[in-house]
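K.L.:
Take this structure, written in structure tokens, and hold onto it; I'll ask about it next.
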């Protein structure tokens with residue numbers, strides 16, 4: 001089987017090898033296990049530009065190289081008028097080569113690819129929609145258009161669309177799915193965590209959409225109330241300078257530290273040794289950091305976007321943020337004031353998250369590639 005991966009995620013070529021975004025490559029390695037030949041269709045970058053990357057661990061036939069472009073505004077659409085026709089031609093060539101077409105959506109490439117795949121109704125296809133599938137959520141027009149095309153049983157043939165969460169009135173080609181990070185062999189008994197000092201954790205891009213400042217302010221409020229708390233922030237992004245400035249101005253450097261991007265083993269250690277993960281994100285698909293934190297008994301505090309409310313069982317496996325800081329601090333305090341309730345929440349979260357192992361993920365991928373495809 002010739003397996004084509006169409007993605008906005010770039011390939012980065014270095015003298016030491018070919019690299020790509022680490023979590024994405026870890027997942028695509030599993031898909032590649034069931035293909036005779038693998039090819040990418042994506043942009044190429046000269047360097048990682050702050051992206052957390054790792055070397056591609058499997059051989060691939062080639063990369064059908066796309067030109068990087070943006071369609072988020074009218075101005076950038078005009079700028080891309082030359083690039084878009086070229087990319088259409090590349091996508092047609094790549095899809096003609098493939099036996100199975102795998103789209104990674106949403107994104108600029110995902111939009112073009114969702115259009116081009118219409119012209120290949122006889123080919124088997126899957127699409128991984130990594131964003132928020134909630135039809136009520138506010139999203140860019142390009143994302144809404146991708147969702148509409150992928151959902152259309154008239155336009156989209158022989159495709160299963162993998163989405164996060166279960167949504168009413170979905171067409172029959174929409175399949176609830178998940179993402180996995182850890183193997184069954186890594187599962188260990190949960191350790192009881194001391195409440196002498198409460199450790200909070202933020203893992204993610206330091207961007208306005210992830211709202212890391214709100215995580216800082218939550219922990220700041222708790223510290224001002226006399227709780228022995230600390231916050232470790234992992235990730236890079238445009239908000240780093242403003243966060244550093246806020247922490248310095250508020251004299252919080254003794255209890256808060258920014259670590260930047262770190263390897264997965266270091267992040268795993270942070271989950272294991274922290275009490276709470278804070279993710280006040282405006283939008284998510286399947287927030288991997290929430291599932292990862294729960295896997296290690298770290299209780300998530302997150303906004304109820306996309307499928308997060310379901311992941312947290314409406315608050316039984318974590319704390320759902322209202323983004324009203326007084327209300328949210330009060331809810332967190334109720335957890336801090338009862339170690340018994342905290343340990344129960346931690347255990348319930350781990351039990352749920354540990355269903356979604358890499359072995360289970362691989363078995364589902366194998367079925368997708370070998371099983372019946374909706375027509």
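K.L.:
Which of 26, 172 has the fewest other C-beta atoms within 10 Å, and how do the rest follow up to the most?
P.N.:
172, 26
K.L.:
What is the order of 259, 129, fewest Cβ neighbours within 10 Å to most?
P.N.:
Arranged by neighbour count, lowest to highest, 259, 129 become 259, 129.
K.L.:
What nm distance separates the two modelled labels at residue 115 and residue 175, each placed 7 Å from Cα along Cα→Cβ?
P.N.:
Once both label points are built, they end up 2.7 nm from each other.
K.L.:
Quick one: length gained pulling residue 184 to residue 137 fully straight, 0.36 nm per residue minus the C-alpha distance?
P.N.:
Taking 0.36 nm per residue and subtracting the Cα distance, the gain is 13.5 nm.
K.L.:
Now for a separate question. By how many degrees, between 0 and 90 and to the nearest 10, does the Cα long axis of helix 141-151 differ from the longest principal axis of the chain?
P.N.:
70
K.L.:
If you don't mind, another one. Nearest 5 is fine: what % of DSSP beta bridges in the chain come out antiparallel, could you say?
P.N.:
10
K.L.:
What distance in nm separates the simple spin-label points at residue 344 and residue 323, each placed 7 Å from Cα in the Cβ direction?
P.N.:
Each label point is offset 7 Å from its Cα along the Cβ direction, giving 3.1 nm.
K.L.:
State, to one decimal in nm, how far the label point of residue 355 lies from the label point of residue 240, with both points 7 Å from Cα in the Cβ direction.
P.N.:
Going by the 7 Å Cα→Cβ label model, 3.8 nm.
K.L.:
While we're on this one: Give, as ranges by residue number, the residues of the stretch 117-143 whose backbone N falls under 19 Å from the point 7 Å along Cα→Cβ of residue 58.
P.N.:
124-130
K.L.:
Now for a separate question. Assign one of three labels to the stretch 184-353, namely rounded, prolate or oblate, based on the Cα gyration tensor with a ≥ b ≥ c the square roots of its eigenvalues; rounded applies when a/c is under 1.5, prolate when it is not and a/b is larger than b/c, and oblate otherwise.
P.N.:
Note, shape of the stretch 184-353 comes out rounded.
K.L.:
Among 2, 128, which comes first, second and so on when ranked by fewest other beta-carbon atoms within 10 Å?
P.N.:
Placing the least packed residue first, the sequence is 2, 128.
K.L.:
Stretch residue 367-residue 224 to full length: gain in nm at 0.36 nm per residue minus the Cα-Cα span?
P.N.:
That works out to 46.2 nm of additional length.
K.L.:
Provide, for q = 0.07, 0.09, 0.10, 0.14 Å⁻¹, the log10 of I(q)/I(0) from a solvent-free Debye sum over equal Cα point scatterers in the chain.
P.N.:
Per q value, in the given order, log10 I(q)/I(0) is -0.33, -0.55, -0.67, -1.25.
K.L.:
Roughly how many whole Å is it from the C-alpha centroid of the stretch 203-245 to that of the stretch 259-313?
P.N.:
Each part reduced to its Cα centre gives a spacing of 14 Å.
K.L.:
List the residues of the stretch 274-293 whose backbone N lies under 11 Å from a point placed 7 Å from the Cα of residue 257 along the Cα-to-Cβ direction.
P.N.:
Answer for this model: none.
K.L.:
What does the extension gain come out to for residue 49 and residue 22, with contour length at 0.36 nm per residue minus their alpha carbon separation?
P.N.:
8.4 nm
K.L.:
Please report, to two decimal places, log10 I(q)/I(0) for the stretch 132-280 at q = 0.09 Å⁻¹ as given by the Debye formula with identical point scatterers on the Cα atoms and no solvent.
P.N.:
The calculated log intensity ratios at q = 0.09 Å⁻¹ are -0.44.
Every number in this text was worked out from the coordinates using simple rules, so none of it is lab data. No experiment lies behind these values; they were computed from the predicted model shown. All Cβ positions, even for glycine, are placed from backbone atoms using ideal geometry, and neighbour counts span all protein chains on display.
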